[in-house]
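Below: one structure, written as structure tokens.
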Amino acid sequence: MGLVVASTLVSIFSTARDISWRLGSPHNLWEPTLWNVTSAIVGVAVLPLVRRGALLFRYRPVRPLTAAAAFVALALLYSALHIAGMGVLRELAYAIGGWSYTFPWSRQIPYELRKDLFAYLVIAVIFWFAERPAGAAPVQVEPAAPKAADGPAAKPELWLRDGRSSVLIDASEIISVTSAGNYVEYELTGQRKHLIRATLQAEEARLAPFGMVRVHRSRLVNRKRIVALQWRPSGDFEVRLDTGETIPGSRRFKAAVDDLAD
């Protein structure tokens, strides 16, 4: 957003200077301001599309061609919304001021499309570099203090960032972890739940030492809480947890539970 604001300010004064040179209309600052501010407002509003495009490649994509096609589709959607949004805002602003103005759609669309695609690519690269691995709170395992052979074992603890607060939990109390868009939801014993900003892929990697396995593209479960396993003719399966919940599993991830039936 800071880069958009800086670019907008530079463009306002550059355009105002061009107007005074080419059209002989000095002191016309309000129109360049209107044009660039309307563009910036819509540009900021559609930034989530650019971030989404960048995240397609933040982790290794399962299907690179699919990810590339989605990236291009998001770029075209970004440009379409940007052009349509600023065109409507400009027509509305001129109408409020009492002037008659029609956005030159046929001329502006090819011109703006080239600029938008370049801007989309540049901002996507910035997002790609700036985006830290999801789940900023690192795994924090409390080391066991020296103790006698019969002393109690240290609890496997880790931190979850839930909104603006960080919560220390006992990893053995995790029942399942479910994907929820750009977030994942932790379900713990005692009907406790925590929603954190992360990807299931990132959480799968950091929870593997605690016995969490993926049974579905959107679900991790605690192997130690599986009490029953039922296979389907298709190769899919269901696991029943010690809470009584039954969770569907995909044959893509059957290796995670294959050894339970041995």
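Applying the selection to the stretch 206-235, what residues are of a type in the set (Lys, Arg), open to solvent by 60 Å² or more (accessible area, probe 1.4 Å) and under 31 Å from the mean Cα position of the chain (by Cα)? Within the stretch 206-235, Arg217, Arg223, Lys224 meet the criteria. When you scan the stretch 176-188, do you find a residue that is open to solvent by 30 Å² or more (accessible area, probe 1.4 Å), in contact with a strand residue (DSSP E or B) (Cβ under 7 Å, 6 or more places away or on another chain), in a strand (DSSP E or B) and of a type in the set (Val, Ile, Thr), even just one? Within the stretch 176-188, one or more residues are open to solvent by 30 Å² or more (accessible area, probe 1.4 Å), in contact with a strand residue (DSSP E or B) (Cβ under 7 Å, 6 or more places away or on another chain), in a strand (DSSP E or B) and of a type in the set (Val, Ile, Thr).
From the list Glu203, Glu238, the lone residue that is of a type outside the set (A, V, I, L, M), touching a Phe, Trp or Tyr at 6+ places or on another chain (Cβ under 9 Å) and open to solvent by less than 30 Å² (accessible area, probe 1.4 Å) is Glu203. The residues listed here are Phe118, Phe127; of these, the one that is at pLDDT below 90 and either within 30 Å of Tyr183 (Cβ to Cβ) or not basic (Lys, Arg) (or both) is Phe127. Looking across the stretch 232-242, just one residue is modelled with pLDDT under 90 and either part of a strand (DSSP E or B) or of a type in the set (S, T, N, Q) (or both), and that is Ser234.
Condition test on Val122, is it under 18 Å from Ala45 (Cα atoms) and open to solvent by 80 Å² or more (accessible area, probe 1.4 Å)? Taking the combined requirement at face value, the residue does not satisfy it. Show the residue pairs that are 6+ apart or on different chains and have beta-carbon atoms under 9 Å apart, the first residue being within the stretch 105-123 and farther than 20 Å from Phe71 by Cβ, the second being of a type in the set (Val, Ile, Thr). Listed by first residue and then by second, the contacts come to Trp105/Ile83; Gln108/Ile83; Ile109/Ile83. Residue check: Arg22 meets all listed conditions (1) more than 30 Å from Ala202 (Cβ to Cβ); (2) open to solvent by 60 Å² or more (accessible area, probe 1.4 Å); (3) at pLDDT 80 or above but one, namely (3).
The values are calculated or read from the model by the stated rules, or taken from the named source; none is laboratory data. Every value quoted in this text rests on a predicted model; they were computed, and no experiment measured them. When we count neighbours, we look across all protein chains shown, and the Cβ atoms used for this are built from the backbone with ideal geometry, even at glycine. We work out accessible area using only protein heavy atoms, side chains counted, and drop any ligands, DNA or RNA first. Shrake-Rupley method; radii C 1.70, N 1.55, O 1.52, S 1.80 Å.
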